[in-house]
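Just below is one structure, and these are the notes that go with it.
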Amino acid sequence: MVDVSKWPLFSLMPPQDLACIWKACVFGASANEAIYINRDHEVFVLGLNCSNCLCTGDNQSTIVPKKLDFLSGKKVVSVSYGSGPHVLLATEEGELFAWGHNVYCQLGNGTTNQGLLPVLVSTNLLDFKVTEVACGSHHSMALTEFGQSSYQVFAWGYNNCGQVGSGSTATQPHPRRVSSGLQTKIAVGIVCGQNSSMAVLDNGEPWFGQVYGWGYNGNGQLGLGNNSNQLTPDRLAGLRVQQLVCGYAHSLALTDEGDLYAWGANAYGQLGTGNKSNHLSPVAIMGEKGRIVEVAACHSAHTSAAKTQSGQVYMWGHCRGQTVTLPHLTHFSCTDDVFACFATPAVMWRLLSAELDDFLTVAQSLKKEFDNPETADLKFRVDGKFIYVHKAVLKIRCEHFRSMFQSHWNEDAKDVIEIQQFSFPVYRSFLEFLYTDDVELPPEDAIGLLDLATSYCENRLKRLCQHIIKRGITADNAFTFLAASVRYGAEVRSADLEDFCFKFCVNHLTRVTQTDAFQQIDGDLLKDFICRAGRCGAFKN
């Protein structure tokens, strides 16, 4: 959660209006435009209105937020902006709207007329659901869904360096599917630099995510080992990517093991290598900082940021006019604050969720009362330690407790309930989840919590546990997680988790087979793993 008042544009708004902001994006050449969504899913804009990028029907600036009525009743899922600026917005229904600067056809409506009013982008997209959008300086991209499993990339707009991926350098007036090199592959993410494009793809083999890039490559920002422009997508070899972001002319990739790689332009130290030399291929950075869980960059800036698993936030690159060539530890709790306070311009690198701390919502009040002996009316004793809870909250939040706390159950009359089948960290995390909808637990303990969630039929908790396991998987614990996902089987709906752990084990086969967990594997599971790995080609030369 982020305090949006750190962005100067929002400082003019009264506290009661700030409190209603749910999601927001600050953009523009001087960070003087903003779009935000309140908790009723209404969309508002304010700011300078350069190139009519506020979509208010005129070219007037406004310090008073104006509502975009054409989006009434629609839920926004993705927003991106270009340098003109132009704006792309995708709704939950899969519609794509565009407005603002359009000299290079970046709105996708076949004209170069500036977008005073919203354009519903439909050419070549009628049978597709748009799920994600991305903008470069003057070109646009959309990730689309067709059916249940086909995810494809479309691009349009300025194409002087091949950033549309069409095989030529002609401006593309309408969305066009990026097909060369991507025909049979499933796209799972898209990002843009100023004049370059990248996509993360899953081709069904046991890899996490493969990176393809195209467009301008004069600084090596495509990571292909050269600085030649690419008119069609080309694969960046050697990385299994969990998250990919692009800066103005550099790129950052987070791998499935939490390692961070950087490549491209480095005049401002934005690669974090300790010098200003460009890199044409990925180079590992921050290896001594521990596991990285998030990276941040945007095509409007030369600034980079990252967050570690322990919650530390680092920044480097162009920071308030200074060149920072090595990752610098900040006092921030999120990467978004780096861009609010240090990026030039101070734009947002993503559509972010916002929450202010000057009042307590019902959810925040409930969270505050968890494990509070002063207000609790029930205690659980686990491993000799107490956890203080409120019987009414448990009954409201969990079917298991709703059944337990009935007059004909012995537990309903008790002040202390003993728990023996689960550990203290696991059971405490479960109870805290009922108060907060969140889980903070080491990946190794998430296995036990997954067991509990299965026993108590808590489906959302199961999904959270699987997310924790995926995010915390390493070569040392991968086979333990695989064995657990196989053990729970259909009870946990763990097919996705089991497949994820299996792929990770195959990707890091040599290291995994040297762990204690692999050495202690039972015969049936070992036989099954070897057969599956063989079918995936894991033992080929």
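The values are calculated or read from the model by the stated rules, or taken from the named source; none is laboratory data. Everything quoted here is computed from the prediction, not taken from an experiment. Every residue, glycine as well, gets a Cβ built from its backbone with ideal geometry; the counts of neighbours run over all protein chains shown. For the accessible areas, the whole protein counts, side chains as well, though only heavy atoms, and no ligand, DNA or RNA atoms are used. Shrake-Rupley method; radii C 1.70, N 1.55, O 1.52, S 1.80 Å.
General observations
- Distance between the 7 Å Cα→Cβ label points at residue 29 and residue 11: 2.3 nm.
- Simple label model, 7 Å out from Cα along Cβ direction - residue 522 to residue 64, nm: 7.1 nm
- Spatially proximal aspartates and glutamates relative to residue 74 (Cα-Cα < 12 Å; intrachain offsets below 8 disregarded): 40, 42, 92, 93, 95
- FRET efficiency, 1/(1 + (r/R0)^6) with R0 56 Å, evaluated for residue 186 and residue 383 via beta carbons: 0.80
- Accessible area of the chain divided out per residue, in Å², using a probe of 1.4 angstrom: 43 Å²
- With all protein chains in place and a 1.4 Å probe, the accessible surface of the chain carries 48 percent carbon and sulfur.
- Sequence-distant contacts, meaning Cα pairs under 8 Å at least 6 residues apart, place the relative contact order of the chain at 9 percent.
- Contact order normalised by residue count of the range 70-143, Cα under 8 Å, 6+ apart, percent: 33 percent
- FRET efficiency for residue 411 and residue 367, using Cβ-Cβ distance with R0 set to 30 Å, rounded to 0.05: 0.75
- Descending Cα extents along the principal axes, the range 414-458, whole Å: 32, 22, 19
- Rh (Kirkwood; distinct C-alpha pairs) - the range 197-290, Å: 13.2 Å
- Dipole in debye (nearest 20) - the range 217-315, about Cα centre, beta carbon charges: Lys, Arg +1; Asp, Glu -1: 120 debye
- Pairs of alpha carbons in the range 3-87 separated by more than 19 Å make up 32% of all such pairs.
- Applying 1/(1 + (r/R0)^6) with r as the Cβ-Cβ distance of residue 103 and residue 169 and R0 = 22 angstrom yields a FRET efficiency of 0.85.
- When the P(r) is computed for the range 317-387, the part past 14 Å accounts for 74% of the Cα-Cα pairs.
- Volume in Å³ per residue [convex hull over Cα atoms, computed for the range 51-154]: 92 Å³
- Taking all protein chains together, 382, 188, 486 sort by accessible area into 188, 486, 382, largest first [probe 1.4 Å].
- When both the range 321-383 and the range 177-254 are represented by their alpha-carbon centers, they are found 31 Å apart.
- Relative contact order computed over the range 274-346 (Cα-Cα under 8 Å; 6+ residues apart), in percent: 27 percent
- Summed over qualifying helices (DSSP H, 4 residues or more, each -39500 (n - 2.57)) and divided by its residue number, the chain shows a 222 nm mean residue ellipticity of -6000 deg cm²/dmol.
- Segment residue 531-residue 399, length gained on full extension (0.36 nm per residue, minus Cα span): 43.5 nm
- Cα centroid separation, the range 266-313 to the range 39-77 (Å): 34 Å
- Charged side chains reduced to their Cβ positions (Lys and Arg at +1, Asp and Glu at -1) give the range 295-448 a dipole of some 240 debye around its Cα centre.
- Taking 7 Å steps out from each Cα toward its Cβ at residue 120 and residue 444 produces label points 5.6 nm apart.
- Cross-link reach is defined here as a Cα-Cα straight distance under 17 Å, omitting same-chain residues fewer than 8 places apart; for residue 391 the lysines meeting it are 367, 368, 379, 414.
- Heavy atoms of residue 501: accessible area, 1.4 Å probe, square angstrom to 10: 0 Å²
- Annotation: average projected area of the chain is 27.3 square nanometres, based on the convex hull of Cα atoms across all directions.
- Cα-based radius of gyration for the range 153-229, normalised by 2.2 N^0.38 Å, reads 1.07.
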